[in-house]
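Working notes, structure below.
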């Protein structure tokens with residue numbers, strides 16, 4: 001193999017490696033985007049649950065025992 005052939009083979013190997021790394025980077029980027037979307041959905045759901053919990057807590061605080069029916073009714 002001549003020096004030129006060796007250089008050509010090294011360039012081909014490097015280009016192949018770069019293509020592989022680019023593919024892996026795209027795959028990882030897709031995973032990060034998907035996880036970010038899941039985090040956004042979970043954060044939104046958590047905010048809704050917190051708001052609902054606050055509402056329920058306020059409702060319980062506003063009730064008086066006289067307004068409650070005995071358990072046997």
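The fewest-to-most ranking of 57, 64 by surrounding Cβ atoms within 10 Å reads 64, 57.
For a bin width of 10 Å, list the pair-distance distribution of the chain built from all Cα-Cα distances, rounded to whole %. All Cα pairs considered, the percentages come to 15, 17, 14, 13, 11, 9, 8, 6, 4, 2.
Coordinate-derived values only; no laboratory data. These numbers were taken from a predicted model, which means no experiment stands behind them. Because the Cβ atoms are built from the backbone with ideal geometry, glycine has one as well, and the counts that use them run over all protein chains shown.
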